[in-house]
Structure formats: structure tokens, C-alpha cells
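Data block below; observations after.
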Amino acid sequence: MAEPLEIVTAIDAALSDGPLKGKRIVVTSGPTHEPIDPVRYIANRSSGAQGTAIARALATLGAEVIFVTGPADVPPPERVTVVKVETAQQMLEAVQGALPADAAVFAAAVADWRVASASNSKIKKTKGGLPVLEFAENPDILATVSQMEQGRPGLVVGFAAETDDVVENATAKRARKGCDWIVANDVSHETGIMGGAENDITLISDAGAEDWPRMSKSDVATRLAERITQALA
Ligand code: CTP
């Protein structure tokens, strides 16, 4: 049986009257944590604010939102089904379990690498020696879903966190991963975007690159949710 909260969320979405009523949308958000040993992990600076705002905006417009989130700083929104994960591998499995969907938005800052063999016991200091970590590549969730031959969501939206040549890199990323839109942003430290309250994005689609003015993450979310509504109409 589905979790009671999931049932309530589905009923809530079904009874909602917004323009996304009847649409099921998967949103990934937050960082992932990749364990080194039981007490240590590798992470990144994502707060989960942008993904959370997008999930909230989509739910407000009446969508049934499955919100797959890594360990974020901000609490998940109301009126969505929350699936909490830690690692990239778990995030992939949760996303695959949430499909089929009409659209999917991949706002999570997924760790590209995990420690190849995380230790089951705490790594201790040894005299004169330093631990050497070997890495393995994580699955690319956005690319996996974008390239599904059957059951691909009708609209797949990725993000591109870049520090250099933002539009050029994001355009190449869109082609490489096979998603429909890329929301590109400059996450250089001086922009204050990663972990901050504002975002400055370029929306890249078949129609080209569209610069949005700098605005709050919540306004970016509202505007993106409106565009998704138009695309799914
Ligand atoms: N992404 C994903 N799974 C991964 C890595 C990234 O689903 N293992 C998704 C992110 O959620 C985002 C998009 O891919 O929507 C781009 O993420 P980004 O970190 O900008 O790019 P990378 O794929 O990590 O490429 P690079 O590090 O070379 O910039």
C-alpha cells in the first residue's frame, strides 16, 4: 500500500483546480551525500532552495509532485510527496520508482563521484599514513531519464551549474544529456547563487538561450512553473 501521506497528496492534487491538475511531475532537489565511512561523507554546497521552490510552485498550480530530495538545508514544501534519499544511486532508484510522469525537473546537485568502496567502520588515523580514497562515477540521473526509450516524461528539464562559459557549457550539456530544457546558472563563489536566495538563469531550449533577470529563487520557480504549464498544455 502507498504511504498515507502519498495518498493524501494524490487526493489533494486530484481535487486541486490549478492548470497543472492531473499532471504528475518528479522534482529532484538538494545535494547528495556520498559516504566515506559511517561518520564522514562527500557533499556539495547545494541548499535545496531552488528545487524546493520549484516543487512548491508546481504543487501550487495543481500538479501532483513527487519530490526526491537529498539532505537539504531547507524543509520540503507542503502538498508534495517527499522521498528522502542520501546518495546519487538512491536518488536514481527513487526517480525510477516515481515514473511514469508528465514532466521531470532535475534541480538536484548530484555528486558526480562516490567513494568506490566506502568503509563500514570508521577510518582511523594511522601514524605516518594518510587515507587514499578511490572514486567511482555515479549514475547520471538526468541523462538516464532523458534517454529512456520507453516511458520518458514528455518534458525533461535539467540544470547546469557552471562557473565558466555558462551558456556554451550548458548548451553542450543539454545536447549531451538529451534533456529538453536546461536551466543554466553561474555558481561561481562571487555570484552568491549556490546556497543563496537569488538566482540568475538562462533558459536553454530548442528556441535558443533566454536570459532572465536576476530574481529570487521563488520567482524563478514561479516563472519556470508557468513555462512548464504552457509546455504541458
Ligand atoms: N545530474 C544528475 N545526475 C548526476 C549529475 C548531474 O541527474 N550524476 C543532473 C543535475 O541534477 C542537473 C544536471 O544533471 O540537472 C547537470 O548537473 P551539473 O552538476 O551542472 O553537471 P554535471 O553532469 O555534473 O557535469 P559537469 O560536472 O561536467 O559540469
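The values are calculated or read from the model by the stated rules, or taken from the named source; none is laboratory data. Computed from a predicted structure; not experimentally measured. So basically every Cβ, Gly included, is an ideal-geometry build from the backbone, and we count neighbours across all protein chains shown. These area figures cover heavy atoms from the full protein model, side chains too; ligands, DNA and RNA do not enter into them. Shrake-Rupley method; radii C 1.70, N 1.55, O 1.52, S 1.80 Å.
Which of the numbered conditions does G158 fail, given that it passes all the others? Conditions: (1) within 16 Å of the ligand (Cβ to nearest atom); (2) over 25 Å from P100 (Cβ atoms); (3) under 18 Å from the mean Cα position of the chain (by Cα); (4) outside any helix (DSSP H, G or I). Going through the list (1) within 16 Å of the ligand (Cβ to nearest atom); (2) over 25 Å from P100 (Cβ atoms); (3) under 18 Å from the mean Cα position of the chain (by Cα); (4) outside any helix (DSSP H, G or I), G158 breaks only (2). If you check V105, V68, V82 for being part of a strand (DSSP E or B) and more than 22 Å from A160 (Cα to Cα), only one passes: V82.
Quick grid of which residues meet (1) charged (D, E, K, R); (2) open to solvent by less than 50 Å² (accessible area, probe 1.4 Å); (3) farther than 22 Å from L232 by Cβ:
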{"site": "T32", "(1), (2), (3)": "no, yes, yes"}
{"site": "Y41", "(1), (2), (3)": "no, no, yes"}
{"site": "A53", "(1), (2), (3)": "no, yes, no"}
{"site": "A72", "(1), (2), (3)": "no, yes, yes"}
{"site": "V80", "(1), (2), (3)": "no, yes, no"}
{"site": "M91", "(1), (2), (3)": "no, yes, yes"}
{"site": "A111", "(1), (2), (3)": "no, yes, yes"}
{"site": "S117", "(1), (2), (3)": "no, no, yes"}
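Of all the numbered requirements in (1) open to solvent by 70 Å² or more (accessible area, probe 1.4 Å); (2) of a type in the set (D, E); (3) within 8 Å of the ligand (Cβ to nearest atom), D140 misses one, and that requirement is (1).
Can you confirm whether segment 4-17 contains a residue that is open to solvent by 30 Å² or more (accessible area, probe 1.4 Å) and modelled with pLDDT of 95 or more? No, segment 4-17 contains no residue that is open to solvent by 30 Å² or more (accessible area, probe 1.4 Å) and modelled with pLDDT of 95 or more. Within the option set I141, I201, I123, I228, being touching a residue at least 40 places away in the same chain (Cβ under 8 Å) and either of a type in the set (F, W, Y) or in contact with a Phe, Trp or Tyr (Cβ under 7 Å, 6 or more places away or on another chain) (or both) holds for one residue only, I141.
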